[in-house]
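Here is the structure we will look at.
Values quoted throughout were computed directly from the atomic coordinates according to the rules given, and no laboratory measurement underlies them. Since the structure is predicted, the reported quantities are computational estimates derived from the model, not experimental observations. Glycine gets a Cβ as well: all are built from the backbone with ideal geometry, and neighbour counts include every protein chain shown.
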Amino acid sequence: MLTCALLAALLLPGAAQAPAQPTAPKKLTLAAGQFVHQHGRLHVVGTQLVDQRGQPLVLRGVSLGWHSLWPRFYNEAAVQWLRQDFGCNVVRAAMGIEVGERNYKQDPAFSKAKINAVVRGAIKADMYVLIDWHSHNINLPEAKEFFAEMSKKYAKYPNVIYEVFNEPDQESWPEVKAYSEEVIKVIRANDPSNIILVGCPHWDQDINLPAADPIKGYKNLMYTMHFYAATHSKWLRDRTDAALQSGLPVFISESAGMEASGDGPLNLVAWQEYLDWLEAKGLSWIVWSVSDKDETCSMLQKSASSTGPWQDADLKESGLKTREYVKRYNTNK
């Protein structure tokens, strides 16, 4: 995400033809223990995420903060509480690659243990889960080794979605594309069908670049766009609309209502404009982040336990609003 950058700083073949889209997704009622059981293994039709029966599906949930900075929230009980109290049907496990003392490059065993705990928790809670390679730089050998292990371990679970590059920063789209193709090849050797998310340059804002030059030869790819509503105005929605119209499947794997720095006041009007747009387009969305840093985007106070339950007093404004929005849109009105 841009916050973290500042801290440190599919396509189906022929998708450009914009194949016909399924009907707009309906609101989904969450019933404990039935979500993944009901919707099963996901795939992509045109630009729409659909479930095992081909019905349009929207995932709405939250992202944990960098595992290497807030490892205490990487446990099964916290995931279960996000399902129960926030009403999430998806959770994102953001594995820090370079940032923090126990990042993946310095301590891969610790890092994988934290990711595995979240994935186990999501499977038990009957949620979908993003395994997020949370980096702003290309680390191809490490990424290939990691995703080879994860895809071999979790291929049989319909819960798992792979996010192969969080937010490219200085890399060009040809560089990101070449990297992603190498990682996708590794994943598909073990897991032929679970969804794979691909990042794009400029902190996942230049969604126009993969729209003009998408990855070919693989199914069930989607491309990530990230927004922070107080910074990114209608121009980013317009750019994403154009990408969708070209046939590019888009997944909002990170978003929030404050500035792109992760700080500053929430802009609730701008955030609601984004939510209205997301719902009209049937786009899945995830909010950043389950962490307790002294910044607006961290949803939790220091008083919050590592495992939940969290009372209202344990939630900052961003946490209270995120819970409100996820519950509202994940439940029939």
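So if I take the centroid of the Cα atoms in the range 286-323 and the same for the range 184-203, what is the distance between those two points in Å?
The two parts, judged by their Cα centres, are 30 Å apart.
Where Lys and Arg each count +1 and Asp and Glu each count -1, what net charge lies around H43 among other residues with Cβ under 9 Å from its Cβ?
+1
Lysines within cross-link reach of K105: Cα-Cα under 20 Å, excluding same-chain residues under 8 positions apart?
K114, K144
Tally Lys/Arg at +1 and Asp/Glu at -1 over every other residue whose Cβ is under 11 Å from the Cβ of A122; what's the total?
That works out to +2.
What is the packing order of peptides 190-202, 291-303, taking the mean over residues of other C-beta atoms within 10 Å and listing the highest first?
In decreasing order of mean packing, 190-202, 291-303 become 190-202, 291-303.
Say the dipole of the range 250-333 comes from +1 at the beta carbon of Lys and Arg and -1 at that of Asp and Glu; which of V326, G257, Q301 then lies farthest toward its positive end?
V326
Tell me the net charge near E295. Cut-off is 14 Å between Cβ atoms, E295 excluded, with +1 for each Lys or Arg and -1 for each Asp or Glu.
Net local charge, E295 excluded: -2.
Sorted by average packing, counted as other Cβ atoms within 10 angstrom per residue and highest first, what order do 304-316, 59-71, 76-88 take? Don't skip to the answer; put the middle values down first.
Working: 304-316: 16.0, 59-71: 25.2, 76-88: 21.6.
Highest to lowest by the protection proxy: 59-71, 76-88, 304-316.
Of the beta bridges DSSP finds with both residues in the chain, what % are antiparallel, to the nearest 5?
15 percent
Hey, could you get me the Stokes-Einstein D for the chain, Kirkwood radius over alpha-carbon pairs, 10 °C and 1.306 mPa s, rounded to whole µm² s⁻¹?
Translational D for this selection: 82 µm²/s.
How big is the Kirkwood radius of the range 133-174, worked out from every pair of different alpha carbons and given in Å to one decimal?
11.5 Å
Give the value in nm², to one decimal: projected area of the alpha carbon convex hull of the range 197-314, averaged over all directions.
Average projection, Cα convex hull of the range 197-314: 8.5 nm².
With +1 assigned to the C-beta of every Lys and Arg and -1 to the C-beta of every Asp and Glu, and no other charges, what is the dipole magnitude of the chain about the Cα centre in debye, to the nearest 20?
Numbers: 35 positive and 37 negative charges, 270 e Å.
For this selection, approximately 1300 debye.
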